[in-house]
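The values are calculated or read from the model by the stated rules, or taken from the named source; none is laboratory data. The shown structure was predicted, so the numbers you read here are calculated from the model rather than taken from an experiment. Neighbour counts run over all protein chains shown; Cβ positions are idealised from the backbone, glycine included. Ligands, DNA and RNA are stripped out before the accessible areas are found, and what is left, the full protein with its side chains, is counted by its heavy atoms. Shrake-Rupley method; radii C 1.70, N 1.55, O 1.52, S 1.80 Å.
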2 protein chains.
Amino acid sequence: MWRYQAPLKDMQFVLKEWLQADSFWQQHSQYQQLDAETADQILEEAGRFCSEVLEPLNGSGDLEGCRLEQGEVKTPAGFPQAWQAFVDAGWPAMACSEDWGGQQLPQVLQAAVTEMIYACNHAFGMYSGIAHGAYECISRFASAELQDRYLPKLVSGEWLPTMCLTEPQAGSDLGQLRCKAESDGKAHRLTGSKIFISGGDQDLTDNIIHLVLARLPDAPVGTRGISLFLVPKWLDHPGGQRNAVYCDSLEKKMGIRGSATCSLSFQGATGWLIGEPHAGLQAMFSMMNAARLSVAQQGLGHVEASRQRAAAYALERTQMRAPPPPGELLRDPAPLHWHPAMRRRLLELRAFSEGMRVIGYWTAQLLDQQDEALAGLLTPVVKAFFTDRSFRLASSALQVFGGYGYTHEYGIEQTLRDSRIAMIYEGTNEIQANDLLLRKVLADQGQQLQRLLALVDAEIQQATSHSELDAYWRHLQQLTQALQQLVEPLQKTPDAERPLRAADDFLQLMGLYLLGYGWLRSARLALQAKGSAGPVFYQHKLATADFYFRYLLPEADYRIRMVEASCYPLAHLSWIE
Amino acid sequence: MWRYQAPLKDMQFVLKEWLQADSFWQQHSQYQQLDAETADQILEEAGRFCSEVLEPLNGSGDLEGCRLEQGEVKTPAGFPQAWQAFVDAGWPAMACSEDWGGQQLPQVLQAAVTEMIYACNHAFGMYSGIAHGAYECISRFASAELQDRYLPKLVSGEWLPTMCLTEPQAGSDLGQLRCKAESDGKAHRLTGSKIFISGGDQDLTDNIIHLVLARLPDAPVGTRGISLFLVPKWLDHPGGQRNAVYCDSLEKKMGIRGSATCSLSFQGATGWLIGEPHAGLQAMFSMMNAARLSVAQQGLGHVEASRQRAAAYALERTQMRAPPPPGELLRDPAPLHWHPAMRRRLLELRAFSEGMRVIGYWTAQLLDQQDEALAGLLTPVVKAFFTDRSFRLASSALQVFGGYGYTHEYGIEQTLRDSRIAMIYEGTNEIQANDLLLRKVLADQGQQLQRLLALVDAEIQQATSHSELDAYWRHLQQLTQALQQLVEPLQKTPDAERPLRAADDFLQLMGLYLLGYGWLRSARLALQAKGSAGPVFYQHKLATADFYFRYLLPEADYRIRMVEASCYPLAHLSWIE
C-alpha cells in the first residue's frame, strides 16, 4: 500500500531557489539563527512524523469517527497518543514567539509543515488547525493576565483552542449572531448555541480554550455589536471547576470524520472579554490571513496526497494496450501511466501540486516579510483556488484507480471527501471571490494588483533571455494585459451586480495567472540549474512547466472570456415548479 | 425538508414539443396503442412512486448500508418491501416485449422513469439497473429453453439479474479475464472470482440470475476467448438446489451504500452458455448502448435532484445583503438566491438538467427509431458528459448549503458521493472518450458526425427566422465549423497518441455542442409557444436558454483550444521521487 513521502526535494527547491528564503532569514533579526540546513532538518523531521504517526491513523480514524459518550467526545483510536507525540516533539510551538515558549520559526516553514499534516490526516490536523491563529489573536488583543494564564499552555500544545463563530442562523453572515454575554462584575456569563465547532470537545488535551463571539447587552445590531470572549472548558485547572459549556451533539459529515464537529451549548458559561467591547470581529479577523493561508495549505496537501496515491497506483497497475514510451517495448497489458488519459491526469496533479507549493509558500513568506498588503491580495486566491482545485484533482486522481478508487481501501475516496470541506469553511470560496475582487482589487483601486503585475513583469523580463521560455512568457504577458483591461469595466460599471457575477471567474483567472508566474520562474531556475537538486529534477521541472503552459494555462483565457460574459444579467426565476 | 418533485412539465415539453414523440409512436406499429395522455399518466405514476416510496429510503439506506450475514446479503430496511411494490406496479416490465409479459413501451419512457428512480435513490436503482440489458441479451442470444425458463421471471421482476464481468486483474481490460468454464456434458461448471458485482447477492428477490463472462478450456487468449454464461443462484427453484456461487464480502464504498457490491466466488457453479462459444463479449455488448444510456440518465437524475435540493434551500435560507430583484425591496438578510454567485449555480443546474433531459431522451428515442448508428455516436457522449457534469454540479449544489451541505442531514453530500460512481462503471469516462473519438468518429470517417452536424444545421436554419436567437445560432454555427476542422488533423496525424490526448476534450466539446443544439431548439419552441405549458414556462425556458448560451457554451471554445493543444506531447516522467 501507499505510504506518504514528504516532497522534501521540491520543498527545498521552493525555499532555496524560488524564494531564496535563507538569504531573507539571514537579513531579518527574528530569523537570523535559522539557516537552510536547519530548515531542511525541520522539514525532514516533520515529514517523518506525518508519514509514520499521522498517516497510519487516517483511514482508521475515518471509519471509526468520533463518539459522544455522556457528554464527552472520544476521538478515534490513536488520536490522543498522536497528539501527545506531536506536543512532545514541539510542533505546536513552531511559529510562536520565544516570549511564550515558542520557536519563532518563520510562517513559510509552518506552511510547509501544515501541507504535510493535511496530506496525511486532515481530521487530525483540524484539532490544532486554528491554534496558531488563536495564539495571534490572544497575544495581540487579550489582557496581560489572560495571556499569562493561557498562552504558555496553548503554545506548548498542552491545551487546544476552538473558534466559536457559527450559529444555526449565522453562517457566512456573522451579523445574525445571537449568543449573549452579560457581565457579572468580575467576568462575563455567556449563553447561547454554537454549531460546527471543530474540536468543540475532544480527549486530546485536558483543557479546551474556546474563543467565542457573542453580543453584550448594549451591543449595536449587525457586525458592529459583536465581542470576543475567552471561555475555558475548565475554569481554574483541569478536573477542577467545570465551566458551563457542553457538547450537545456531533455532526454526521461527508468527510473529516475523525474531527469532532460539535454543537456547543453555553449555559451561563464564564468568559473574559478579549479586546474592546463590540470589536470582536476585528480581533477575530486578525487571525484570518493566517487561518485562510492554512486552509490553502490543506488544499495543497490534498493535491500532493492525491498525486502520490495516483502515481503509486498507476505504476503498479496494468490494463490494456497503450503506446509505449520512447525506447520501451510494447507491453500487454501496459502500465496505467502509459495511457495518455492517465498520464495527463498525473501531469496535471504534478503541475498543480508544484505550482501551488510555490505560490502558497510565497504567500507565507510575504507574511514573514510583513507585506500584509500583498499577502492580503493573494490570500483569498490561494484559499479558494487551492481548495477548489484540490477537490477536483482528488476526483481526477480517483479516476486513475477505476472501481478501486470508489472503495475505502485505497484512501483516495477519503481524500476526495475530506478535501471538500475546505471550499466551505474559513469563509466560503464565494466569499473569498468577493473579497478578492470587490475589496482587494476594486476598493484598493488596483494598487496591490499593480504591484503583483509588476513582479510578474520583472520575471518576464528575466525570462526573455531564454528562448526556450518564449511561448511561456508571451502567454503570461498577454494575461497581464488582459488583467489590466478587465478591471476598468468592472470598476466603472453602473450595474451593481456585475462584479458579483464576475468574481468567481476572476479568482480562477488570478489563480491560473499566479501559477503561471510560479512556473515561469521555476522553469527559468531549472534552465539555469544552479541548485543542488540534480539534472533529473530540473529536467522534470521543465517538462512539468511545459505541461502547465500547454495544457493548463489556456483555461485562463477561458476565464477572461467569462469575466467579460459577466456583462450579461442573471435571470430571477421561480426556482421550483 | 426537501421532497422530490418529478419534473413532469419539462418531461412533457421534451416528449411532446422537442421530440414530437407521440406522432412517432402513432406511425410506428409497436407503439401505436400509446398516446401522449397515457405517457403522461405513466410518468406521473412513476414520479409519485419514486417520490413517495424510493426517496424516503435514500438517506436511511445510505446510513445503514448492506450487511453480509452468514453468507447472505441484507439490504437496508425497507428495500425489500419497496422492490415488491415496484414489481407489483409492473415497472420492471415497462420496455420489454409483450411476448414475455412486458408492456412494450418505448425506451424514451423508460429513460424518463430511469431518471426519476436515480434522482430519488441511486442505491435502490442499482438492483434493477441492468435488468433491461439482461433481458435484451437473453432474448437475443440465449436458447429458447433458457428464454422460457428465465425471461418471464426477469420481465416481471420476480427475479433479478447481475452482470459478472470484473475480476481483480481485469477491470477495463476484459482480455485479462481468468474465470473458467468447463463442460460436464449437460451444462458448464464455472470456477473463479468476480468483484464489484452490484446486487451479487440481495434479499429483494428469491432468485438471482448471474450473467457471467468466463473462458472455455480451448479459448484463445484475450477478448476473443470469452464466453457468456447464465448462472442462477438457485438451480431448480428458489429454496431448492443451491448453486455453488457465493458472496464472499461486500465493498466499503464512497457512496451507493445501500447497493450491495459483492465479491462473488464461483466454486464449480452450474451454468449455461448464452450465444456462441468465445462470442461472449458480443452478447454482453448487445446491452451496452442501453446500459450506458441508463447510466447517462443516472447523471441527469442526480443533476435534477441537486437542482431541486439547492433551489429549495436557497428559497428558505437567508444570509447577508444582496441586490434585490427588480421590483423588490432590500432585505437584510436576503434569500440566498438573490446572491449572484448562488443564482448562477441555480441557473447552471437548471440549464444542465433541462439540456441533458432533451439530449438524453433524444438518444433513447433514436433507439426506439432503431437508428443505432446515430445513437451509437451519442451514447458515449451522454454517458460520460452527463455523469461528469452531474458530479461537478452536485458539488456546486452542495456549496449553496454552506456548512450544512457537508452534513448528512441535507442529503446533498450523499448525492455527491452517489453520483461519483457513474463516471467509473459501464466503461470509465476515459473509455467513453476513446470510443467516441477513435471508433465513432475517426474509424467511421466522420459519417455519423456529419449526420449530426446536418441535423444541427437544419435547426439553425429554422432559428434564423427569429432575431432573438441570432447570437445563439451564430455561436452554434461556429462550433459546427470548428468541429469539421478539428477532425481532419486528428484523422491524419502520424502521432498515434494524439487522438488519445484529445479524446476527453473532444467529448466535452461534443457534450456542450449537443446541449447547445438542445437549447437552440428549445428556445425556438418556447418563442413559438405553441404547446400547453403556459407563458411562464416558456419565458423561463428562454431565460435559461439565454444563460446557457451566455455563460455555459463559451466552454466549448475552450475545449476546441484544448483539442488543438493535444498536438503537444505528454512527457513520460518518473512519477515518484
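Taking all protein chains as shown and a probe of 1.4 angstrom, B:ARG189 keeps an accessible surface of around 100 Å².
Using a cutoff of 8 angstrom between alpha carbon atoms and counting only pairs six or more residues apart, the relative contact order for chain A works out to 13 percent. Compactness ratio for region A:8-135: Cα radius of gyration over 2.2 N^0.38 Å (N = residue count) comes to 1.17. Considering only alpha-carbon pairs that sit under 8 angstrom and 6 or more positions apart, the relative contact order computed for region A:279-411 is 36 percent. Of the residues B:ALA310, A:GLN539, B:VAL231, the one whose Cα sits farthest towards the positive end of the charge dipole of the protein assembly as shown is A:GLN539 (charges of +1 on Lys and Arg Cβ, -1 on Asp and Glu Cβ, taken about the Cα centre).
Between region B:99-156 and region B:297-338, the alpha-carbon centres lie 38 Å apart.
Each Lys and Arg contributes +1 and each Asp and Glu -1, all at the Cβ; summed about the Cα centre of region A:232-306, the dipole is approximately 220 debye. Per residue of B:397-404, other chain Cβ atoms within 10 Å of the residue Cβ number 5 on average.
Association of chains A and B removes close to 8600 square angstrom of accessible area from solvent, both sides included, for a probe radius of 1.4 Å. With the charge dipole of region B:215-368 set up from +1 on Lys and Arg Cβ and -1 on Asp and Glu Cβ about the Cα centre, the Cα lying farthest toward the positive end among the listed residues B:MET287, B:SER353, B:PRO335 is that of B:PRO335. For chain B, a crude dipole built from +1 on the beta carbon of Lys and Arg and -1 on the beta carbon of Asp and Glu, taken about the Cα centre, is about 1080 debye to the nearest 20.
A:ALA454 label point (Cα plus 7 Å toward Cβ) to equivalent points in the other copies: 6.2 nm, shortest first. Among the trypsin sites (Lys or Arg not before Pro) found in region A:207-291, those both in a DSSP coil and sparsely packed, with 16 or fewer other Cβ atoms within 10 Å of their Cβ, are A:LYS252. Here chain B has 48 percent of its accessible surface on carbon and sulfur atoms, given a 1.4 Å probe and all protein chains in place. For region A:282-422, the Cα-based Rg and Dmax, in that order, read 18.1, 64 Å.
Throw me the Rg/Rh for chain A, computed over C-alpha atoms with Kirkwood Rh, two decimals. Taking Rh as the inverse mean 1/r over Cα pairs, Rg/Rh reads 0.97. Of B:VAL87, B:VAL212, A:VAL221, the residue with the largest accessible area leads and the full order is A:VAL221, B:VAL87, B:VAL212 (1.4 Å probe). Counting alpha carbon pairs within less than 8 Å and at least 6 residues apart, what relative contact order, in whole percent, applies to region B:428-568? RCO, region B:428-568: 31 percent. Restricting attention to the protein assembly as shown, close to 85% of DSSP beta bridges with both partner residues there are antiparallel.
Mean partner shielding of peptide A:334-341, defined as the number of other chain Cβ atoms within 10 Å of each residue Cβ, is 5. The residue among B:ALA523, B:TYR551, B:THR428 whose Cα reaches farthest toward the positive pole of the charge dipole of region B:420-576, with charges on the beta-carbon of Lys, Arg, Asp and Glu, is B:ALA523. The residue of chain B whose Cβ sits closest to the rotation axis that maps B onto A, together with that distance in whole Å, is B:TYR558, 2.
Of A:MET320, B:MET1, B:MET288, the residue with the largest accessible area leads and the full order is B:MET1, A:MET320, B:MET288 (1.4 Å probe).
The mean count of C-beta atoms from other chains within 10 Å of the C-beta of residues in A:188-200, rounded to a whole number, is 1. Per residue, the accessible area of region B:313-415 comes to 27 Å², computed with a 1.4 Å probe over protein heavy atoms only. Accessible area ranking (1.4 Å probe, heavy atoms, ligands and nucleic acids excluded), largest first, for B:SER390, A:SER23: A:SER23, B:SER390. When B:GLN32 is represented by a point 7 angstrom out along its Cα-to-C-beta vector, the spacings to that point in the other copies are 10.0 nm, nearest first.
Put a label point 7 Å from Cα along the Cβ direction on B:GLY268, then list its distances to the equivalent points in the other copies in nm, shortest first. The projected label point of B:GLY268 is separated from its counterparts by 7.7 nm.
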